[in-house]
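A short write-up of the structure that comes next.
A short reminder: the numbers here are calculations on the coordinates, not readings from a lab. Keep in mind that this is a model prediction, so the values were computed, not measured. Note that we place each Cβ from the backbone using ideal geometry, even for glycine, and neighbour counts take in every protein chain shown.
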Amino acid sequence: MSTVDRVRAYLLAEESALLDSVVDCADALVTGWDGETTTERARVVSPLETVLARAGITEQLPGLLARCVDTAGGELAAPPVAAPPYVVVTATGPVLRATLDSGRLVISLRVFEVERSEDETRNGDGGGDTENSADFEVDTPRYRRCGETPAEIVSVELR
């Protein structure tokens, strides 16, 4: 079994209660939205940080990362903390990161997805010239709740 598969299996078997709590926090956050999506990043990241902290999840994430590193057979140079570079809340959810001898272990708890239009353009040719604002058409990203179970939200990568 690969390192990624071992860590994922560990998370789903041993940490499902904590992962379920992350899902619950994301569910609580979207109850304040006007619909199924929002175009305001500020209605995702900062509120998710707040909800996770109030639920006591943020303080548990460094320990979760350390257990995942143990499962991967690695060692951390220093104890992880609930702050970058170890733990960060992104527009898709919490991300835990650790550097191992074999690469960077990245665990994403994806409770949101960012939808972007496929036809994003700048000046029609992707050149980025914004002086002519009539030619500048970039769709606003939409944030949507996703993942209802631990198996649906967990992504483990070794980069």
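With +1 assigned to the C-beta of every Lys and Arg and -1 to the C-beta of every Asp and Glu, and no other charges, what is the dipole magnitude of the chain about the Cα centre in debye, to the nearest 20?
Values: 15 positive and 28 negative charges, 140 e Å.
Around 680 debye, computed over the chain.
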Over the chain, the sum of -39500 (n - 2.57) across DSSP H runs of at least four, divided by residue number and rounded to 500 deg cm²/dmol, gives at 222 nm -10000 deg cm²/dmol
How high is the relative contact order of the stretch 3-158? Use alpha-carbon pairs under 8 Å, at least six apart in sequence, and give a whole percent.
28
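Would you kindly state how much longer the chain becomes between Arg43 and Arg104 on full extension, computed as 0.36 nm times their sequence separation minus their alpha carbon distance, in nm to one decimal?
On the way: separation 61, 0.36 × 61 = 21.96 nm, distance 2.94 nm.
Full extension from Arg43 to Arg104 adds 19.0 nm.
Could you line up Glu113, Glu14 from fewest to most neighbouring Cβ atoms inside 10 Å? Spell out each step's value before the answer.
Numbers: Glu113 16, Glu14 13.
Listed from fewest to most nearby Cβ atoms, that is Glu14, Glu113.
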Nearest 10 degrees, 0 to 90: what angle lies between the long axis of helix 61-72 and the longest principal axis of the chain (Cα atoms)?
70
Can you tell me the 0 to 90 degree angle between the C-alpha axis of helix 16-30 and the longest principal axis of the chain, rounded to 10?
20
Measuring from the longest principal axis of the C-alpha atoms of the chain, the long axis of helix 45-54 (C-alpha) lies at a number of degrees, nearest 10, equal to 30
Compactness summary of the chain: radius of gyration and Dmax from Cα atoms, Å, are 18.0, 55
